[in-house]
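Structure first, then comments.
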Amino acid sequence: MTFMVFGSVAIIAGLGLAAASASKAKKYDSRAENAADRFDERVYKNTANALRGASKGCACLAFVGAVFVGMSCFYSQDIGEAVVLRNLGGSIAGHTTEAGFHAKAPWQDVLTWDIRNRQVNFFKDSEYKYDGGSYTGAEVTINDASGTKANIDVQVIYSIDADKVEDLYAEYGTQEAFVTNYVSNDLRATAREVAGQFDTITLLTDRAKYTTAIQESLNEQWEGNGVIVEQVQVQDIRYAGSITDAYADAQSAEVAKQKAQNAQETAKVEAETKRIEAEGEAEANRVLTESLTPEVLQQQYYDALNTAAKNGGLIVVPEGSQPIVGTN
């Protein structure tokens, strides 16, 4: 629009001044022809020549203005951008989503929207600041299902649907207003609302579940509204020291309880093992005892004598006693 205005003014001024200078040059040419002496003739001719030079200069100004008007009929668009075209009266003339050079009417403004991935961060005591589609703010205070207060650091990575930029411009005017008044406010409000679905222990021990719930809620809210959720991260959840200390104590007690239960289970297993081993030994002794009948013992006695005799051993059997076996 600036090029168009400047170019139009330059064309009008240049053509007007060129025409006026040319007209005056003709008048001085006429005076030079009718001059009474050579001095006046020379003055009139010099003046006419100067006016013709001025006319050419003004024509050059008009040409430069035409170049500027021509430049205002084209614009370039980068990858990762969407452009809204606005007419002089404020109405929307359309939009483009493809990178490259595009033509437009010289009276149309080019409004660029960044559709790359951008971040909204709420982190501790950060200052509120907008920067090219990204936004930073202070931590979010939540109340969980137990009514306990906590402060969280949360981030959303989002992008803008290029085909929705006309609607977004019509409703918010600028990308900064859109991010500041819609995206960031929705993230803060959703983080607070979803926190009411989880108790303190869940938020302390299963942050991923809370993060997933926020992302699902934002996806549902922003579907069709021109915002695409790329990723949500709950980076930290900070409860009061008394809450975290109580949780730590409970965790310690739980660990001690688990250790005691493990020790009891171990003792039970060891006792059961010993019982089974004792029963096994008793059963083996019983079987052995039952198997040593007089006949078996007598047979083992004969076998021992035969073995000793074969090996050249000396067998002495006193009357009324058991044999004494001696070996070489």
* **Check on GLN235, closer than 20 Å to ASN143 by Cβ, in contact with a strand residue (DSSP E or B) (Cβ under 9 Å, 6 or more places away or on another chain), in the same structural domain as ASN185 (by TED's automatic domain parsing) and among the polar types (S, T, N, Q)** => yes
* **Leading residue by the ranking (surrounded by the fewest Cβ atoms within 10 Å (Cβ to Cβ)) among those in segment 208-246 that are polar (S, T, N, Q) and part of a helix (DSSP H, G or I)** => SER242
* Taking GLN197 as the residue in question, decide whether it is among the polar types (S, T, N, Q) and in a loop (DSSP other than H, G, I, E, B). => yes
* Mind counting the residues in segment 80-96 that are modelled with pLDDT under 90 and among the aliphatic types (A, V, I, L, M)? => 3
* For segment 114-148, enumerate the residues that are assigned to a loop (DSSP other than H, G, I, E, B) and under 20 Å from the mean Cα position of the chain (by Cα). => ILE115, ARG116, ASN117, PHE123, LYS124, SER126, TYR128, GLY132, GLY133, ALA138, GLU139
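The values are calculated or read from the model by the stated rules, or taken from the named source; none is laboratory data. Keep in mind that this is a model prediction, so the values were computed, not measured. Here the Cβ is made from the backbone with ideal geometry for all residues, glycine too, and neighbour counts use every protein chain on show.
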